[in-house]
Structure formats: structure tokens, C-alpha cells
Amino acid sequence: MAITADDLLAPYGPVEVTLFPGEDTEGSVPGSTILKDRLEVYIAQASAKNAGISFPDADAADTAWALHLTFKAAHMVAVARPSMENAQVPVLGSETYSKDQRDALLLKAEEYLDVYNMLLAEVPTDQSPRGVPSHETTTEFDW
């Protein structure tokens, strides 16, 4: 079973539409096409990254990597937008950026990277030697 954007979106997954402001503008329903398209791209990237790896649970690995990418992107969006705006007087409006808010998103991205790395550690390894075998040779010169 492959994962879909709906698996990542709330209420089934941890991704809230508010993480990506303006990406639900195509529809009046949260999680509309724009955000779902973003998540499907992250899922495709995860699937491509994990294609050659024999994970015991491939869906869990794809989910962890897609969520890592999602929260890393949400961190970048949060860095670029204010956490609070005061537009009472348009000319004198102010914006405040919350470091804690951005740090929490980065921490969440790192948590999903840790989950992915734990899943990667469970992948069975091939005990055969890798690469071209090296041969030690000695050369004796007779002068």
C-alpha cells in the first residue's frame, strides 16, 4: 500500500493546512489541491529515495522522509513570514517573527529525519564485500 497526501494531512496525519498559508486557495476545503500537490511531490521524492532499499516497512520509511521534507519546508515558510502582524495603521504596521515557532518546526523536521534513520538502520545489510577487491602485491626489483 502506497501512502497518499491524505495520509499525511490532518486529521489522519500531522500536517495542518495552516503550515502552508495560501496553499488551500484552490478550494474552500482545507487540504485542497495546492497543498495535496506539494505533499504528493514529497511522497514521490521519498519513494524515489527509498526505491533501492529493502525496508521492512516501506510505507513507514516513505512517510518519515515525506514528513521530514514537509516540516523542513514548513520551517522555511515560517522563516519567511511573520508570526504576528499589526496592520491597524497600514503605514505604521509592524511584524513580529517568533524564533520559538520556527525552531519548533525545524525540530519536528529533525524528528522525522531521526525516524527515517532508525528505519534505515533496520534494513538488512548484505555481508558480501562491496566494490572492487584490492590485492596486495609486492614488487621486487632485481638491479
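Read-outs: derived from the displayed coordinates by stated rules, not from any lab. Computed from a prediction, not measured in an experiment: that's the story for all the values here. Glycine gets a Cβ as well: all are built from the backbone with ideal geometry, and neighbour counts include every protein chain shown.
Counting Lys +1, Arg +1, Asp -1, Glu -1, what net charge surrounds residue 72 among other residues with beta carbon under 15 Å of its beta carbon? Display every interim value, and only then the final one.
On the way: positive: 38, 49, 102, 108; negative: 103, 110, 111, 114.
The answer is 0.
Could you work out how far apart the two model spin labels at residue 16 and residue 104 are, taking each label as a point 7 Å from the Cα in the direction of the beta carbon, and quote it in nm?
The two pseudo-label positions are separated by 0.7 nm.
Tally Lys/Arg at +1 and Asp/Glu at -1 over every other residue whose Cβ is under 11 Å from the Cβ of residue 62; what's the total?
Values: positive: 49; negative: 7, 57, 59.
Result for the local shell: -2.
Calculated FRET efficiency, residue 33 and residue 60, Cβ-Cβ r, R0 30 Å, to nearest 0.05? Each step should come with its number before you reach the end.
Working: r = 26 Å, r/R0 = 0.88.
After rounding, the FRET efficiency stands at 0.70.
How much length is gained on full extension from residue 48 to residue 6, taking 0.36 nm per residue of separation minus their Cα-Cα distance?
Result for the pair: 13.2 nm of gain on full extension.
Quick check: residue separation of residue 123 and residue 41 times 0.36 nm, minus the Cα distance between them. What number comes out in nm? Before the final figure, lay out each step's value.
Working: separation 82, 0.36 × 82 = 29.52 nm, distance 2.43 nm.
Residue separation times 0.36 nm, minus the Cα-Cα distance, leaves 27.1 nm.
Let me check I've understood the local charge: for residue 1, count other residues with C-beta under 10 angstrom from its C-beta, Lys and Arg +1, Asp and Glu -1. What total comes out?
Working: positive: none; negative: 7, 59.
Residues near residue 1 contribute -2 overall.
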